[in-house]
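Take a look at the structure below.
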Amino acid sequence: MICLPFSRNTKGYPVNPGKIIALGINYREHMAHSPTLNSPGSPLPAEPVIFPKAPSCLTGPGAPIILPAFIKDYGFSAPRTDMEGELAFIIRDRCKNVSPEEAYDHILGFCCFNDVSQRNLQTGDKAGWFRGKSLDTFGPLGPVLVAPEDMPDPQNLRIVSRLNGRVVQEGSTEDMIFSIRDILSFVSRWFTLMPGDIISTGTPGGVSPLAPGDLCEVEIEGIGVLANPVREETP
């Protein structure tokens, strides 16, 4: 569990989700510039591509992202872990079968999220993306929560990811294939959402590999900067 303040006051909110649901392939620019996603004739996804992250992956602003030592045991020829800057939101109340028009009524707040991903596990695991996305510390969240009423237009926010001060991702939430309203509505048809659950909305193009000593920054307009150093686990 981590604790985040709301942007308009210093009161902390204990973030303790029962589930984290994230989206893949939800930015047009990301799909257009990815050789693995943009094969000739590939259409846009017909519905949101969703996957889980274990709640135990959460970590807060300033906390280190730990590259686990056991990954070396797999003998990957080119081990790779990437950062992915995303807009996430936290569910306000228990809800099911929410209409797009009612979606914002069920959002407690928006924040930055870093969907850290161990690519070798993610791309090679027959069971899906869960393991490669769910390692401890692979879900930095923060730095604050911004309530929907304090966000003029969540669907028109600039999002920038930096690695050691260098811009590696830049986009806008207006480039989403599926809107925030449609995402919440879709997910709530499949699963009852509970207070504190987290939904992350996908990443723009330009993900970048991490190494010990790096500094990751995810900045979203109207929210702030989520910064986390990268460390290698010591046995």
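Every number in this text was worked out from the coordinates using simple rules, so none of it is lab data. Owing to the predicted nature of the structure, the values given are computational and were not obtained by experimental measurement. Because the Cβ atoms are built from the backbone with ideal geometry, glycine has one as well, and the counts that use them run over all protein chains shown.
Would you work out the charge dipole size for the chain about its Cα centre, treating the Cβ of every Lys and Arg as +1 and the Cβ of every Asp and Glu as -1, and quote it to the nearest 20 debye? Can you show the working numbers first?
Working: 20 positive and 27 negative charges, 119 e Å.
Here the chain has a charge dipole of around 580 debye.
Which whole-number percent is the relative contact order of region 67-141 (Cα, under 8 Å, 6+ apart)?
30 percent
Taking other Cβ within 10 Å of each residue's Cβ, how do 56, 117 sort, fewest first?
Fewest-to-most Cβ neighbours within 10 Å comes out as 56, 117.
For region 122-131, take each phi angle, set θ = phi - 60°, evaluate the Karplus expression 6.51 cos²θ - 1.76 cosθ + 1.60, and give the result in whole Hz per residue in order, putting x for glycine and proline.
4, 7, x, 8, 5, 7, x, 8, 4, 5
Please check which bits of region 66-80 a label hung off residue 130 would reach, taking the label as a point 7 Å along Cα-to-C-beta and the cut-off as backbone N under 18 Å.
No residue qualifies, since no backbone N sits under 18 Å from the label point.
I need the calculated FRET efficiency for the pair residue 225 and residue 94, taking r as the beta carbon distance and R₀ as 25 Å, to the nearest 0.05. Mind dumping the intermediate values first?
Details: r = 32 Å, r/R0 = 1.28.
The calculated FRET efficiency here is 0.20.
Please build a GNM for the chain, connecting alpha carbons under 10 Å apart, and tell me which residue among 201, 81, 123 fluctuates the most.
123
First measure r as the distance between the Cβ atoms of residue 105 and residue 215, then evaluate 1/(1 + (r/R0)^6) with R0 = 25 Å and state the FRET efficiency to the nearest 0.05.
Values: r = 37 Å, r/R0 = 1.48.
Step by step, r from the Cβ atoms, then E = 0.10.
Test of understanding: what is the full-extension gain from residue 28 to residue 166, defined as 0.36 nm times their sequence separation minus their Cα-Cα distance?
Full-extension gain reported as 47.4 nm.
With labels modelled as points extended 7 Å from the Cα through the Cβ direction, what inter-label distance (nm, one decimal) is found for residue 47 paired with residue 3?
For the pair residue 47/residue 3, the computed spacing is 4.0 nm.
May I ask you to compute the full-extension gain from residue 192 to residue 119, defined as 0.36 nm times their residue separation minus their alpha-carbon distance, rounded to one decimal in nm? Present the calculation step by step, with values, prior to reporting the outcome.
Values: separation 73, 0.36 × 73 = 26.28 nm, distance 2.96 nm.
Difference between extended and current length: 23.3 nm.
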